[in-house]
Amino acid sequence: MSNFAAIPLVDFGPWNGTDGQRDALAVEVREICHEIGFMVLTNHGIEGEFIDDVFAMLERLFALPQEKKDLIDKRKSPHFRGWEGEGAEYTNGRPDIREQVDLWTEHPARPRGVEPAYLHLLGPNQWFPEEVLPGFQELLNQWFERLGALAGQLMECFSIGLGLDPNHLDEVFGTEQMSLTKLIRYPKTPDGAAGVNAHHDAGFLTILAPGVTPGLQVEAPDGSWIPVQHVPGAFVINIGEMLQGLTGNYFVATPHRVISAGERYAAGYFHGPSLTTTLEPLPIEQRFVDAVAASPRHANAGFMATADETAAGVGDMASDHKPATYGEQLWNYFCRSYPDNVAAHYS
């Protein structure tokens, strides 16, 4: 079983170089996604000034008085979008000590009662009135556009590394793609708790601007927790369960958590496909399939337990259930993490 003692630093600059430099970068990234599932990405093309603007907006957002935050309370949204306070989200049945705003790609809402139920996740965001938080909607729409473009480049890099056509993963993603932006404020983590408890990300690809306060930790195969180093202007990149499933566990979704010694801000972008995207295995080379079979860690890699499995005592990340579509995966996530919201809107 391979182990790791640090999260690797990857220079993404060669992506804009020669074909040979691109191919070498794709191999480097592929091996990291296979062995670790996490990397710290530099030279990614997003200016530091833009990231600074986003974090300045986060500070303004979370400094708003409660009555202003209540304007976009997530409990009002049947599409699970908006603001929520500390402890509102649960990970493996335990509350996460963080305050956050969730924004998703906007699509026309489907009629109530639509089947499958996960299509209810499509809909509008809740936005503050412009006079409450000037520039918020414009800046976050730019964030979606720019981080989405970087995610598209990374998906091309993954495709090349796996021996596929560069556009293969983008074509798998379909035409009604559904990505998440999560804006987060962590207070100092109380003893015995976590800002966010140990988990896998549910989707495909996460791009995180982690801020300057440490706290993000990644679990190594030997059970030790590795702190993610701070690199100014860099993004933390990690793999989600859906990409693990598509690659037949060749790429791994690695457990991680946040325990913060002080107030911490972070902004995450979670790149996702159409809700109807299926988990059909990618046509990867046999040597990758053989590598999974030869590694108990990869061959036995599970998904986060569903709400019913958690209640039945299944381990946090030991589920044998493999959802058929991305939409089913997200619906499992919301039922597990927001049981009260689901009951209120979809009893």
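Within this structure, residue 212 fails the test of being of a type in the set (Val, Ile, Thr), at negative phi and touching a residue at least 24 places away in the same chain (Cβ under 8 Å). Applying the condition of being among the aliphatic types (A, V, I, L, M) and within 20 Å of residue 269 (Cα to Cα) to region 166-197 and asking which residue is surrounded by the fewest Cβ atoms within 10 Å (Cβ to Cβ) yields 172. In this entry, residue 288 is excluded by the filter for residues that are over 30 Å from residue 73 (Cα atoms), of a type outside the set (A, V, I, L, M), modelled with pLDDT of 95 or more and within 17 Å of the chain's Cα centre (by Cα).
In region 280-307, how many are in contact with a Ser or Thr (Cβ under 7 Å, 6 or more places away or on another chain) and outside any strand (DSSP E or B)?
Step one: list which residues in region 280-307 are in contact with a Ser or Thr (Cβ under 7 Å, 6 or more places away or on another chain), which gives 282, 284, 302-306.
Next, only the ones that are outside any strand (DSSP E or B) stay: 282, 284, 302, 304-306.
Residues flagged as in contact with a Ser or Thr (Cβ under 7 Å, 6 or more places away or on another chain) and outside any strand (DSSP E or B) within region 280-307 amount to 6.
Note on region 96-121: residues that are over 20 Å from residue 328 (Cβ atoms) and surrounded by fewer than 19 Cβ atoms within 10 Å (Cβ to Cβ) amount to 2. Search region 95-120 for residues that are touching a residue at least 40 places away in the same chain (Cβ under 8 Å) and at positive phi and pair each with any residue that is in a loop (DSSP other than H, G, I, E, B) and buried (at least 16 other Cβ atoms within 10 Å of the Cβ) when their beta-carbon atoms are under 9 Å apart and the residues are at least 6 apart or on different chains. Going by the 9 Å Cβ cut-off, there are no qualifying pairs. Per the conditions (1) of a type in the set (Gly, Ala, Ser); (2) exposed (fewer than 15 other Cβ atoms within 10 Å of the Cβ); (3) at pLDDT 95 or above, the sole criterion not satisfied by residue 93 is (3). Count of region 127-145 residues, restricted to those that are touching a residue at least 24 places away in the same chain (Cβ under 8 Å) and closer than 19 Å to residue 274 by Cα, is 1.
Could you say which residue among 273, 296, 255 is touching a residue at least 60 places away in the same chain (Cβ under 8 Å) and more than 21 Å from the chain's Cα centre (by Cα)? Sole residue among the options that is touching a residue at least 60 places away in the same chain (Cβ under 8 Å) and more than 21 Å from the chain's Cα centre (by Cα): 296. The residue of region 173-189 that is nearest to residue 60 (Cα to Cα), among those that are at pLDDT 95 or above and outside any strand (DSSP E or B), is 187.
Of all residues in region 199-223, those satisfying the criterion of being assigned to a strand (DSSP E or B) and at pLDDT 95 or above are 205, 206, 207, 208, 209, 216, 217, 218, 219. Checked against the criteria, residue 124 counts as exposed (fewer than 15 other Cβ atoms within 10 Å of the Cβ), in a loop (DSSP other than H, G, I, E, B) and in contact (Cβ under 8 Å) with a residue 12 or more places away in the chain. Candidates 84, 31, 35: the one that is surrounded by 15 or more Cβ atoms within 10 Å (Cβ to Cβ) and under 22 Å from residue 217 (Cα atoms) is 35. Looking only at residues in region 206-246 that are surrounded by fewer than 22 Cβ atoms within 10 Å (Cβ to Cβ) and among the hydroxyl-bearing types (Ser, Thr, Tyr), the one that is farthest from the chain's Cα centre (by Cα) is 224.
Residues in region 54-67 that are under 15 Å from residue 266 (Cβ atoms) and not aliphatic (A, V, I, L, M): 55, 59, 62.
The values are calculated or read from the model by the stated rules, or taken from the named source; none is laboratory data. Here the structure is a predicted model, which means the values were calculated and not measured. Heads up, the Cβs are rebuilt from the backbone with ideal geometry, glycines too, and the neighbour counts pull from every protein chain shown.
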